[in-house]
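Participant: Next up is a structure, given as structure tokens.
The values are calculated or read from the model by the stated rules, or taken from the named source; none is laboratory data. What you are looking at is a predicted structure, and each value in this text was computed from that prediction instead of being measured. Note that each Cβ is placed from the backbone with ideal geometry, even for glycine, and that neighbours are counted across all protein chains shown. Accessible surface is based on the protein model in full, side chains and every heavy atom, while ligands, DNA and RNA are left aside. Shrake-Rupley method; radii C 1.70, N 1.55, O 1.52, S 1.80 Å.
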Amino acid sequence: MDNLNLINSFAEFKELKNIDKSTMVSVLEDVFRNMLIKTYETDENFDIIINLDKGDFEIWRNRTVVNDDEFENPNQEITLTEAKKIDPTYEVGEEVAEEIKLSSFGRRSVLSLRQNLASRILDLEKANLYNKYKERIGEIVTGEVYQVWKKEILVLDDEGNELVLPRTEQIPTDFFRKGDTIRAIVYKVDMRNNSPVIILSRTAPEFLQRLFEQEVPEIFDGLITIKKIVRIPGERAKVAVESYDERIDPVGACVGMKGSRIYTIVRELRNENIDVINYTTNTSLLIQRALNPAKITSISIDEENKTASVHLKPSEVSLAIGKGGLNIKLASMLTGYDIDVYRDTEEEEDDVDLDEFTDEIEPWIIEQFKKIGCDTAKSVLSYSVEDLARRTDLEEETIAEIVNILKSEFE
């Protein structure tokens, strides 16, 4: 095995794994010196010259010329007789530099050298990969799906490095096939059996934050700050944003013209509903905004126990709770308060639905009131007879009779 083949094989490895030249030279020299120590018990009188560009290296042994009768150490000394065979001008005390061919070490030593070198470079590459992705935790990476298994997906990055997307870090509605392009954040980097394992995630709040940074220039530039993100992946998310520039509407900037910006994010997250709200330090107002689209009647906050009691009209309760309780759960996660919802029934108990009066008022008259939004007794009584006559097709005498009937209910 000659020098050229040895260097070329690892030069190709270097190009594939992107190890820098100086590091490669340092590793090569180190393994060569280990071989020299094993063979000659020292490497102090050896010079190693490596040229990766040419794919070549040289090993030179330096020995001191001594008189034949003083010769003791064949590795560090050479007799005057032997030195003169190389060059007749050599004198005692001078140094003789002699090139050592790789083949002189023997096949077993050369194979051991190759194995040692391969192992060192592989360990170096693992360390480089670990450090590279350790610094990229929280960043979005794009890769190609290489293999799909039941519990995880194997993804290859642009350099062919293997990344893992576990099922637990996938959006429930995610579906990928081999060859698909996938986007996710670097969630964590572990070492298992001395090999780096790069874990990706599409469910972490940071993934949604990075998507906003990519789609909303004002966030990327720092004009808008994302204060907090909470998610139930694939279902719903709430994002609290704040602007340091009064001229910028943070919610409007995040949503974009006709929803163009947020639509791109929603599509990436498999149609996950995203609520963007204005952040405020006013806890009561923040809770009200977090419960959107529900309209709150009143709210009381217990700062000590971190709880909030929210009162709403019966028609608003389902909006506040949301499908499967998602809205109120996310609102609690966003604000940090346990939110209890109560139906505001005082007005309901004092009021009476107009349909309860069908034995006294003809149904077609009740329909006239319902058309103008009056479906309870008190809602009708809140208007004057003249206003009701103007808003409906009923005569004032008829309206006056109806008003008397409704008033009697509360007397």
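Participant: Quick one: which strands (runs of 3 or more DSSP E) sit completely within region 187-277 and have at least 2 residues that are buried (at least 16 other Cβ atoms within 10 Å of the Cβ) and small (Gly, Ala, Ser)?
Facilitator: Result: 236-243.
Participant: Somewhere in region 362-371, is a residue open to solvent by 80 Å² or more (accessible area, probe 1.4 Å), over 20 Å from Ser408 (Cα atoms) and either in contact with a Pro (Cβ under 6 Å, 6 or more places away or on another chain) or modelled with pLDDT of 85 or more (or both)?
Facilitator: yes
Participant: Could you grab me the full set of residues in region 388-402 that are surrounded by 12 or more Cβ atoms within 10 Å (Cβ to Cβ) and farther than 16 Å from Lys370 by Cβ?
Facilitator: Listed by number, the residues that qualify are Ala389, Glu396, Ala400, Glu401.
Participant: Okay, next question. Restricting attention to strands (runs of 3 or more DSSP E) lying wholly within region 130-184, give those where 3 or more residues are surrounded by fewer than 17 Cβ atoms within 10 Å (Cβ to Cβ) and not basic (Lys, Arg).
Facilitator: Ranges flagged: 140-148.
Participant: I've got another one for you. Could you identify the single residue in Leu36, Leu52 that is in contact with a strand residue (DSSP E or B) (Cβ under 7 Å, 6 or more places away or on another chain) and buried (at least 16 other Cβ atoms within 10 Å of the Cβ)?
Facilitator: Leu36
Participant: Just one of the numbered conditions (1) touching a helix residue (DSSP H, G or I) at 6+ places or on another chain (Cβ under 7 Å); (2) more than 27 Å from Glu213 (Cβ to Cβ); (3) of a type in the set (A, V, I, L, M, F, W, C) is not true of Leu319; which one?
Facilitator: It fails just one condition, (1).
Participant: Output the number of the condition that Ala294 fails; it satisfies all remaining conditions of (1) surrounded by fewer than 19 Cβ atoms within 10 Å (Cβ to Cβ); (2) over 27 Å from Gln214 (Cα atoms).
Facilitator: With respect to (1) surrounded by fewer than 19 Cβ atoms within 10 Å (Cβ to Cβ); (2) over 27 Å from Gln214 (Cα atoms), Ala294 is out only on (1).
Participant: Pro172 passes all but one of (1) within 19 Å of Glu268 (Cβ to Cβ); (2) in contact with a strand residue (DSSP E or B) (Cβ under 7 Å, 6 or more places away or on another chain); which number fails?
Facilitator: That leaves (2) as the condition not met.
Participant: Determine whether region 56-75 contains at least one residue that is out of contact with any strand residue (DSSP E or B) (no Cβ under 6 Å at 6 or more places or on another chain), modelled with pLDDT under 85 and under 30 Å from Glu159 (Cβ atoms).
Facilitator: yes
Participant: Of the residues that sit in region 80-123 and are closer than 15 Å to Asn194 by Cβ and either open to solvent by less than 40 Å² (accessible area, probe 1.4 Å) or of a type in the set (D, E, K, R) (or both), which one is modelled with the highest pLDDT?
Facilitator: Of everything passing the filter in region 80-123, Asp123 is modelled with the highest pLDDT.
Participant: Kindly indicate the residue of region 1-20 that is part of a helix (DSSP H, G or I) and among the aliphatic types (A, V, I, L, M) and also modelled with the lowest pLDDT among those meeting that condition.
Facilitator: Among those residues, the one meeting the criterion is Leu4.
Participant: Then there is this: Starting from region 290-319, keep only residues that are in contact (Cβ under 8 Å) with a residue 40 or more places away in the chain, then list their pairs with residues that are crowded, with 20+ Cβ neighbours inside 10 Å and part of a strand (DSSP E or B) whose Cβ atoms are within a distance under 6 Å, requiring at least 6 positions of separation or different chains.
Facilitator: Thr297/Leu312
Participant: Quick check on my filter: what residues within region 68-79 are over 60 Å from the mean Cα position of the chain (by Cα) and surrounded by 12 or more Cβ atoms within 10 Å (Cβ to Cβ)?
Facilitator: Selection gives Phe71, Asn73, Glu77, Ile78, Thr79.
Participant: Another one. Given the options Thr42, Thr23, name the one that is surrounded by 13 or more Cβ atoms within 10 Å (Cβ to Cβ), at pLDDT 55 or above and part of a loop (DSSP other than H, G, I, E, B).
Facilitator: Thr42
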